[in-house]
Amino acid sequence: MKTKKRYLVPNDYMADPSVHVFDGKLYIYPSHDWESGIAENDNGDHFNMKDYHVFSVDDVMEGEVTDYGVVLDTDDIPWAGRQLWDCDVACKEGKYYMYFPLKDKNDIFRMGVAISDSPTGPFKPQPDPIRGSYSIDPAVFEEDGSYYIYFGGLWGGQLQRYCDNKALECATFPADGEPAIPARIVKLTDDMLQFAEEPKPIMILDENGMPITADDTERRFFEASWMHKYNGKYYFSYSTGDTHNLCYATGDNPYGPFTYQGKIMTPVVGWTTHHSIIEYKGKWYLFHHDSAPSGGRTWLRSLKVCELEYDKEGHIITIEGLDK
Ligand code: FUB
């Protein structure tokens, strides 16, 4: 499906949008790309982000976008090494918790929490990362007062360095035909600051109930988890990384298993594709990014939005990533 798309922040480079409605208002929490001059490589060193902004918009496709400025900076995070990647924010009892991945001083991705009294920040980081955290791309999902984080990413996201929540001696990728490396889900403690349990794998099954395999690169999880509910079903969505699809799988509870359903969006301009899905004022939206305005420089991405539709059976109608 070709659909009208809108660039939301044309004067700056923003990526990896996480979007939530708090008190009836829509807030966007993106990564903040910039030209740091670091050469592109498979570790993602060129994604050398160092702060976050927050945005809000009332009329998603037409209205003015408000920029609340810098709300968290690596200089304020005591354990910071480098690279602030995709964050997300949750609200509990009037406080706002920002979850962010960042490499520590040993160049290992961990996840931190920063707290604010307002959805627009500023966010004050905790002195240490979440105990037992690893990898990237936290996406928070709340249900019945319980909060869950979906996370993980391959290659530069370091997920291949872990098995059963333990660090491996060497990064290990499954052989062809073996189940793909899974995303993870973990419940948060009541104070929102730690993991309440060991992270668990998210199983994505094919149409025969078999795990999607590592060599099925058009469908297997790579990074950029998101969770939303539609008509009582749980929609786990993600990027396939090196094949550049945004895909989704559905299940009956937040932990899965999930059955693969199809593509949300075909590849965009730029290597990465990343998104969030939200209902706002009776319409569904896909927030995402591409590198078209920067002429395809994959580390300089621009925030975009379009409407998303379902068919009668609840399948998401695939959106064309390219505009022409
Ligand atoms: O922005 C850096 C990384 O690129 C994100 O963490 C991934 O999801 C990809 O969008």
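Below, the figures for the structure above:
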read-out: Length-normalised contact order of the chain in % [C-alpha pairs under 8 Å, at least 6 apart]; value: 16 percent
read-out: Amide H partners (placed H, <5 Å) of Thr120, local residues excluded; value: none
read-out: Sparsely packed GluC sites (Glu not before Pro) within segment 132-221, loop by DSSP, other Cβ within 10 Å at most 15; value: Glu169, Glu197, Glu207, Glu218
read-out: HN-Hα J in Hz across segment 219-234 - Karplus 6.51, -1.76, 1.60, θ = phi - 60°, x for Gly and Pro; value: 10, 7, 5, 10, 6, 6, 5, 8, 10, 9, 10, 9, 6, x, 9, 9
read-out: Equivalent ellipsoid semi-axes - Cα gyration tensor, the chain, angstrom; value: 25, 24, 21
read-out: Heavy atoms of Asp164: accessible area, 1.4 Å probe, square angstrom to 10; value: 120 Å²
read-out: Trypsin sites (Lys or Arg not before Pro) within segment 4-36, DSSP loop, no more than 16 other Cβ atoms inside 10 Å; value: Lys4
read-out: Area projected by the alpha carbon convex hull of segment 174-324, averaged over all directions, nm²; value: 10.9 nm²
read-out: Cα centroid separation, segment 77-136 to segment 1-54 (Å); value: 16 Å
read-out: DSSP-assigned coil residues among GluC sites (Glu not before Pro) in segment 1-87, each with at most 10 further Cβ atoms within 10 Å; value: Glu62, Glu64
read-out: Proximal lysines relative to Lys200, as straight alpha-carbon distance under 30 Å, when same-chain residues fewer than 8 apart are discounted; value: Lys50, Lys92, Lys95, Lys103, Lys105, Lys124, Lys166, Lys187, Lys229, Lys233, Lys263
read-out: Choice from Lys103, Lys312, Lys281 with maximal GNM fluctuation in the chain (Cα, 10 Å cutoff); value: Lys312
read-out: Fraction of accessible area attributable to carbon and sulfur, segment 221-310 (%, probe 1.4 Å); value: 46 percent
read-out: Dipole of segment 1-98, positive end: most advanced residue of His46, Val70, Ser56 [Cβ charges, Cα centre]; value: Ser56
read-out: Centre separation in Å (Cα based) which lies between segment 265-324 and segment 190-251; value: 17 Å
read-out: Solvent exposure of the chain as accessible area per residue, Å², 1.4 Å probe; value: 41 Å²
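The values are calculated or read from the model by the stated rules, or taken from the named source; none is laboratory data. Keep in mind that what you see is a predicted model, and the values were worked out from it rather than measured. Don't worry about glycine lacking a Cβ; one is built from the backbone with ideal geometry, like all the others, and counts go over all protein chains shown. Areas reflect the complete protein model, heavy atoms only, side chains present, ligands, DNA and RNA absent. Shrake-Rupley method; radii C 1.70, N 1.55, O 1.52, S 1.80 Å.
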